[in-house]
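The values are calculated or read from the model by the stated rules, or taken from the named source; none is laboratory data. The structure displayed is predicted, hence computed values, not measured ones. Because the Cβ atoms are built from the backbone with ideal geometry, glycine has one as well, and the counts that use them run over all protein chains shown. Please note that ligands, DNA and RNA were not included when accessible areas were found on the heavy atoms of the full protein model with its side chains. Shrake-Rupley method; radii C 1.70, N 1.55, O 1.52, S 1.80 Å.
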Amino acid sequence: MMGDQRSHRILMVSDFFYPNFGGVESHIYYLSQCLLKLGHKVVVMTHAYGNRSGVRYMTGGLKVYYVPWKPFVMQNTLPTFYGTLPIVRTILIREKITLVHGHQAFSTLCHEALMHARTMGYKVVFTDHSLYGFADVGSIHMNKVLQFTLADVTEAICVSHTSKENTVLRSGLPPERVFVVPNAVDTAMFKPALNRLSTSEIIIVVVSRLVYRKGADLLVEVIPEVCRMFANVRFIIGGDGPKRVRLEEMREKHGLQDRVEMLGAVPHARVRSVLISGHIFLNSSLTEAFCIAILEAASCGLLTVSTRVGGVPEVLPDDMVVLAEPDPGDMVQAIKKAITILPKIDPQEMHNRMKKLYDWHDVARRTVIVYDYAVKSSDQNLLERLSRYLSCGSWAGKLFCLVMIIDFLLWYLLKLWQPDENIEVVPDFTLTCNRDQGPMHDTDEERKGLK
């Protein structure tokens, strides 16, 4: 079952998928679509979203298992360690999966599925989409969880070189087993406006979750100063979050109601219409592994002003972005510089460059190379795998070993109770549907749910 194959049968696992929107969700969707076009079988596993439970088929015949687990906090399921073992095992056997690909470090479902897959002898790949620190309590806890998962992962993928360094330092994984495969952008969806905007009024666009990590507090200090310096500048802010109140208070305090427009949450299908209404895209993130939003803005022909954090300096060429330190004064100067070079920017030329720089089909081909490495790697028995966990720390290592031994025993009990041959295998078929429909399209779901 685990032999060398040209065509892979992949299970993508994460708590973050449609109908939720974000960078991880888009990455999984577009990568899956391109892998399907390359002839591989792709199945997605995520938790239930509202009444969206059971099996759904999305555009291109992408099959999604919305397992009946409700989110606990921040779209993450409650950690159960072993509660997901029966359903993960059933999906792996039903779909004849050969490789499991987990996404995002703080996805509970991802960590549990990778653990169960390794117990069952499957090869696993993990993609890290975020950067974490080393000093605060939350990061220390998350780093130890990541160390547990990556101790036995076959290969790992990071979205930038900065992210790779961060992951290697946090997890202790050998650098040669960590690959860098960047994100991409759907340039067919994110196109510049047909008619070039007048520069008599400069419109700066912000599309982001209004949270601390995305630098919403920086915006509170930057926007009034920019409005004071330039009478012809207006801001459009799309997004929602706990920091929205601070931005609205800033707007009231400085009397900028006519110059700062708050759109609230913006559906992904409307992001382009918001972007093409502006000249400059402002990203104020305090930490960022890659930032797909910058790609979308550049593909729409906007000049980007961004904080110089994480993997952001790797994303765009120097003439397409103005970088600044995450400091209000430096960001104001960067916006001032961007306004002066704005007349030199050709949106259509920028879009054409983005089409060559970032392509999901290229991302898929590079990911398949990682899959090939994973499938060709040697198999390891339980004792060899336990030795990896023991190296995770004097106490943590022993605890990790205990967790894996219990998982192994539960798997054997499941095999006795329901042998593999008693689990019905799903026949393969190609679903024909309209390619122009977006990621939110799905066909009739299997009302029976999961067996």
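Give me the residue from region 21-62 that is surrounded by fewer than 19 Cβ atoms within 10 Å (Cβ to Cβ) and among the charged types (D, E, K, R) and, out of that set, nearest to Val185 (Cα to Cα). Out of the qualifying residues, it is Lys37.
There is no residue in region 144-152 that is surrounded by fewer than 20 Cβ atoms within 10 Å (Cβ to Cβ), assigned by the TED database to the domain that holds Leu382 and at pLDDT 95 or above. The set of residues in region 158-178 that are outside any helix (DSSP H, G or I), open to solvent by less than 20 Å² (accessible area, probe 1.4 Å) and either free of Cβ contacts under 8 Å to residues at least 40 places away in the same chain or closer than 15 Å to Leu146 by Cα (or both) comprises Cys158, Leu173, Val178.
Only a single criterion out of (1) of a type outside the set (A, V, I, L, M); (2) at pLDDT below 80; (3) loosely packed, with under 13 Cβ neighbours inside 10 Å is not satisfied by Pro419, namely (2).
Gly102: at pLDDT 90 or above and in a loop (DSSP other than H, G, I, E, B), yes or no?
no
Taking the conditions (1) more than 26 Å from the chain's Cα centre (by Cα); (2) surrounded by fewer than 17 Cβ atoms within 10 Å (Cβ to Cβ); (3) hydroxyl-bearing (Ser, Thr, Tyr) in turn, Tyr389 satisfies each one other than (2). Considered as a group, the residues in region 116-132 that are under 28 Å from Gly311 (Cα atoms) and in a loop (DSSP other than H, G, I, E, B) include one that is modelled with the lowest pLDDT, and that residue is Tyr132.
Of all residues in region 293-314, those satisfying the criterion of being touching a residue at least 40 places away in the same chain (Cβ under 8 Å), buried (at least 23 other Cβ atoms within 10 Å of the Cβ) and not in a strand (DSSP E or B) are Ala293, Leu295, Glu296, Ala297, Ala298, Ser299, Cys300, Gly301, Leu302, Gly311. Of the residues making up region 234-249, those that are under 31 Å from the mean Cα position of the chain (by Cα) and assigned to a helix (DSSP H, G or I) are Arg244, Val245, Arg246, Leu247, Glu248. Across region 334-347, not a single residue is classified as surrounded by 15 or more Cβ atoms within 10 Å (Cβ to Cβ), without any contact (Cβ under 8 Å) to a residue 60 or more places away in the chain and assigned by the TED database to the domain that holds Gly39. When residues in region 373-386 are screened for being touching a residue at least 24 places away in the same chain (Cβ under 8 Å) and open to solvent by less than 70 Å² (accessible area, probe 1.4 Å), 5 of them pass.
Remark: Tyr389 matches the filter, which requires a residue to be touching a helix residue (DSSP H, G or I) at 6+ places or on another chain (Cβ under 8 Å), in the same structural domain as Val64 (by the TED database) and among the hydroxyl-bearing types (Ser, Thr, Tyr). The set of residues in region 280-289 that are open to solvent by less than 10 Å² (accessible area, probe 1.4 Å) and part of a loop (DSSP other than H, G, I, E, B) comprises Ser284, Ser285, Ala289.
Conditions tested, residue by residue: (1) at pLDDT 50 or above; (2) assigned by the TED database to the domain that holds Met115.
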residue	(1), (2)
Phe400	yes, yes
Ile406	yes, yes
Leu410	yes, yes
Leu413	yes, yes
Phe429	yes, no
His441	no, no
Lys451	no, no
